[in-house]
Amino acid sequence: MASRLPLTLRLAGVRFMSAGGEFGSGAGKGGGAGGSVSQRPEASMDSKQFREVGKQMIDYIADYHDNIRQRSVKHNVSPGYLLPLLPDSAPEDPERWEDIFKDIEKVIMPGVMHWRSPRFHGYFAVGGSYPSILGDMLGDAIGCIGFSWASGPACTELEMVTTDWLGKMMGLPEHFLHSHSGLGGGVIQTTASETVLLCVLAARNRMVARMKETDPDMNHHSVISRFVCYSSDQANSSVHRSGLLADVRMRKLQSDDNFSLRGETLRKAIEEDKAKGLIPFFICATLGTTGCCAFDSIKEIGPLCEKEGIWLHIDAAYAGSAFVCPEYREHLEGVEYAETFSTNPHKWMLCNYDLSVMWIKNREYLVDAFNVDPFYLKHQNEGRVPDFRHWQIPLGRRFRALKLWFVLRCYGVKGIQQYIRTHVSLAEELEALLVKDGRFEMHVPATMALVCFRLKGTNKLSEMLHDHIMARGDIYIIPDYARAQGKGVYFIRVAMVSEYMTSDDIEVTFRAIQRSADCVQERYADLLQTEKNGVKDDYMPLINNDACPADFKK
Ligand code: PLP
């Protein structure tokens, strides 16, 4: 029975709950008829209040999205802005929800970067949609921790079904599906970075096990010091970091003029490393690199991996979503050679972070390799269904398949294809506007809804353009830096992010770029002259120094 006291009074004091209901403030510690009263302080919100304020929160979220164009996309705060706005320690007494709610606009929103805004073009698309938010709400409400089938049968089985659905939608080989008679299947991981680390560890383990077959007395610690993994110089920073975390050499191989890693480069690296006594065991190939969305040639890399017994992992964190559209599947040629494949529906498929899917051809490389099986986690159906704790690094896991399920059902394959194709065509619209202007050049042609451009002229000029755009704050974009044809190139990335973006928004973005280009060119005409006079462009990036190859830093 709900208390009839007004909310303010109810929240003024700590009260206690019995198993079957609620006691008012007067109930006292341990009081109440029948005496079976828990000593637990009542949570400050009951279901009645949750219904009320929950609806208010839904309205707030819908209004936030509906009116997001009216907010400045970029926060305008400096480090430490929030500390003076909040007390030094948590409140002793429960606070009124109304007061907490007011602080969202006062304390939080000034420091928010509005990733959902059509003016936000940073990084890559970030997934999000109402069906996905509803999925997270329900997952949080159920609150199960699905480390085993027994701890969450629906959590486990919905993950099997939805990862199979997604694999089929993307045209992945059948051996990656749970419904296939083999040992493969999909699993939802937190991030693509965590997946790479897991795959490096699994591949390291597989190689050690293979070597022990011929030399059972081998000291595996000393042999691991000879292990080497590969990626292209365009791979996401998380790939290099996985090498550091797994304590194995990670060699970055030079990509070609299209920023793609080619089979011949890998072949030479393997040959060189083997001649030095090293043992190649893993490669992460990327389909859709972070910098400019380039595609490694897995049809060339795959057969080499098969021949050399190297674990091929494919990181399609961003661009993988595009394979839902058959016209982009040419990049998948050679995917059958991959041991593992990952993509992030939390990037370009309308699912809120975190939801990264990994498929593996043979789960035994994970399940058997890292199997720690305490008695308290055992259950009667072991072996008949996956216990996903064996397929990941953490023990616990959320019920994330719900949001994937809701998204796939609410949009359908056709809706997702339309979303992807709309983003691709909006990027092409922006590219056409930039080209027509005449002052800009494309770093690479617009690919998979990513536009990479620069001002013609020195790198410094493009850097100033970026800085000017950021200082104005109408749109949010990030720069990147690559080496192309022997030269360091600074370029600006414009990603299509918001689900609600239209051609009008592209026009706004283009005008913002144009306005800043006018100012920069007016103020720094001398830099244009420098380029015309053939003076060396000695630009060096100050922030992302690590991105330039060692020989370029000299
Ligand atoms: N791989 C690629 C190609 C990426 O672009 C990114 C992030 O943008 C990642 C991996 C890292 O993704 P996550 O945040 O899921 O670890």
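Only the coordinates and a few stated rules stand behind these numbers; no lab work does. A quick note: this is a predicted structure, and the numbers were derived from the prediction, not measured. All Cβ positions, even for glycine, are placed from backbone atoms using ideal geometry, and neighbour counts span all protein chains on display.
Viscosity 0.692 mPa s, temperature 37 °C: what is the translational diffusion coefficient of the stretch 266-316 from Stokes-Einstein with a Kirkwood Rh over Cα pairs, rounded to a whole number of µm²/s? Mind dumping the intermediate values first?
On the way: Rh = 11.6 Å.
In µm²/s, the coefficient rounds to 283.
Label point of H221 set 7 angstrom out along Cα-Cβ; within the stretch 234-278, amide nitrogens under 18 Å from it belong to 246-249.
In whole percent, what relative contact order does the chain give with Cα contacts below 8 Å and a gap of six or more residues? Relative contact order, the chain: 17 percent.
For the stretch 106-233, relative contact order (Cα pairs under 8 Å, six or more residues apart, normalised by length) works out to 10 percent. Using Stokes-Einstein with the Kirkwood hydrodynamic radius over Cα pairs, what translational diffusion coefficient do you get for the stretch 153-294 at 37 °C and a viscosity of 0.692 mPa s, in µm²/s rounded to a whole number? Rounded to a whole number, D works out at 193 µm²/s. Estimated from the Cβ-Cβ distance and a Förster radius of 56 angstrom, the FRET efficiency linking R523 and E308 is about 0.55. Hydrodynamic analysis of the stretch 409-520 uses the Kirkwood radius over alpha carbon pairs. Inserted into Stokes-Einstein at 20 °C and 1.002 mPa s, it gives a translational diffusion coefficient of 146 µm²/s.
Using only the C-alpha atoms, the convex hull of the stretch 463-529 corresponds to 105 Å³ per residue. Note that the chain carries a Kirkwood radius of 26.5 Å, evaluated over its alpha carbons pair by pair. Taking the average, over residues, of other Cβ atoms within 10 Å as the packing measure, peptides 479-489, 95-105 rank 479-489, 95-105 from highest down.
Are any of the pairs K74/K252; K74/K414; K74/K460; K106/K403 more than 25 Å apart by Cα-Cα distance, and if so, which? Exceeds cut-off: K74/K252; K74/K414; K106/K403.
Residues within the reach of a label modelled at T422 (point 7 angstrom out along Cα to beta-carbon, backbone nitrogen below 18 Å), restricted to the stretch 348-381, are 348-352.
Counting only DSSP beta bridges with both residues in the chain, the antiparallel share comes to about 60 percent. Between E330 and L134, the FRET efficiency from the beta-carbon distance, with R0 = 45 Å, is close to 0.80.
Each label was represented as a point 7 Å from its Cα along the Cα-to-Cβ direction; for S89 and D59 these points are 3.7 nm apart. Computed from point charges on the beta carbon alone (+1 for Lys and Arg, -1 for Asp and Glu), the dipole magnitude for the stretch 229-376 about its Cα centre is near 260 Debye. Once C-alpha pairs closer than 8 Å and six or more residues apart are averaged by separation and normalised to the residue number of the stretch 214-278, the relative contact order reads 32 percent. Multiplying the residue separation of C144 and R384 by 0.36 nm and removing their Cα-Cα distance gives an extension gain of 84.3 nm. Here is how the number arises for the chain: DSSP H runs of 4 or more residues each give -39500 (n - 2.57), the sum is divided by the residue count, and the result at 222 nm is -12500 deg cm²/dmol.
Would you work out the Kirkwood radius for the stretch 70-113? I mean one over the mean of 1/r across all pairs of different Cα atoms, in Å. Before the final figure, lay out the partial values.
Working: mean 1/r = 0.0834 Å⁻¹.
For the stretch 70-113, inverting the mean 1/r across all distinct Cα pairs yields 12.0 Å.
Taking the Cα atoms of the stretch 265-357, the ratio Rg/Rh between the radius of gyration and the Kirkwood radius comes to 1.03.
Counting residues in the stretch 118-206 as N, plug N into 2.2 N^0.38 Å and put the Cα Rg over that result.
1.30
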